[in-house]
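The values are calculated or read from the model by the stated rules, or taken from the named source; none is laboratory data. If you're wondering where the values come from, they're calculated on a predicted model, not measured in any experiment. Positions of Cβ are generated from backbone atoms using ideal geometry, with glycine treated the same way; all protein chains shown enter the neighbour counts. Remember, those area values only see protein heavy atoms, side chains included, never the ligands or the DNA or RNA. Shrake-Rupley method; radii C 1.70, N 1.55, O 1.52, S 1.80 Å.
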Amino acid sequence: MQSSTVRTLLVRGMIAGVVAGLLAFALAYVVGEPSIDSSIALEESASAPAHEHGDAAAVPADEGEEEELVTRPVQSTFGLATGVLVYGVALGGIASLAFAVCLGRVGRLRPRATAALVAGAAFTTVYLVPFLKYPATPPAVGNPDTIGKRTTLFFLMIVLSVLVAVIAVIAGRRLAPTLGNWNATVAAGGGYVLVMAVACLLLPANTDAVKETFPAALLWEFRLASLGVQALLWTAFGLIFGALAERVLRPAATAAASSAAASEAATAGSAARTG
């Protein structure tokens with residue numbers, strides 16, 4: 001694939017990431033922000049009794065409350081939109097490069113099907129599998145002293161999932177000539193599942209991520225919203241980028257087919273004259 005084509009696909013991937021990010025932001029604002037507001041309200045109500053019993057009396061008035069650098073309305077609108085859009089653009093660019101690598105190397109799939117395959121694989125390896133081990137938790141929940149540990153474990157799970165997935169793809173391609181494409185794919189996928197299952201058992205759990213008194217219904221509402229936002233992001237990206245990539249690659253495919261047809265016609269005409 002020519003470098004100009006890869007560059008065009010990269011731009012298209014970032015555009016698809018922006019559009020997918022806008023859709024994900026809309027869903028996150030509608031279904032995710034209410035659960036975040038509820039969890040913050042619970043945290044504030046839990047800390048209120050300490051102030052009511054006179055604990056705040058020993059603290060000077062100018063030190064009793066910390067000035068909020070970014071207000072909650074800004075966090076839930078502009079801050080959320082910025083974060084989701086940057087996330088969508090970055091992953092859109094990376095996914096488009098992965099698409100360029102996979103195109104023509106994972107079977108005779110059209111650009112739309114390849115884009116859908118890359119988006120589905122990215123959603124599974126980058127979010128779904130790590131989510132199963134370390135599910136998302138709302139802010140203002142859990143022990144703040146363990147945020148660094150929880151973040152490190154989550155990103156370690158992402159790196160491990162992506163690395164094992166890449167190894168599985170390479171192993172599947174090498175096994176294909178011997179086992180056939182279907183059997184090699186099943187074997188590689190089974191190996192990925194087995195390795196990640198063992199990793200989930202060996203890696204430490206987030207035992208202090210959520211307080212026992214936190215409402216289970218609210219926790220699952222937030223986690224389902226987080227899962228839904230990611231699913232929408234990657235589904236929208238796969239569909240949008242697939243359509244854009246199809247337009248970019250269709251002229252090249254048409255030209256190649258026309259050239260092959262002309263070559264066959266010329267060969268047939270030469271043979272007829274010779275005969």
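Tell me, rounded to the nearest percent, the portion of alpha carbon pairs in segment 96-198 spaced more than 21 Å apart. It works out to 44 percent of all Cα pairs. Between Ala231 and Glu44, the modelled labels are 3.2 nm apart [label points 7 Å from Cα along Cα→Cβ].
Under the 0.36 nm per residue contour assumption, what length would be gained going from the current alpha-carbon distance of Val193 and Arg7 to full extension? Could you put the intermediate results ahead of the total?
Details: separation 186, 0.36 × 186 = 66.96 nm, distance 3.37 nm.
Full-extension gain reported as 63.6 nm.
Modelled spin-label separation between Arg110 and Ala90, with each label point placed 7 Å from Cα along the Cα-to-Cβ direction: 3.4 nm. Potential lengthening of the chain between Leu224 and Trp182 amounts to 11.8 nm, from the contour at 0.36 nm per residue minus the alpha-carbon distance. Among Leu179, Leu218, the sequence by solvent-accessible area, most first, with a 1.4 Å probe is Leu179, Leu218.
Taking R0 as 41 Å, what FRET efficiency do you get between Ile170 and Ile147 from their Cβ-Cβ distance, rounded to the nearest 0.05? Walk me through the numbers on the way to the answer.
Numbers: r = 35 Å, r/R0 = 0.86.
Step by step, r from the Cβ atoms, then E = 0.70.
Model label sites at Glu246 and Leu201, defined 7 Å from Cα along the beta-carbon direction, differ in position by 4.4 nm.
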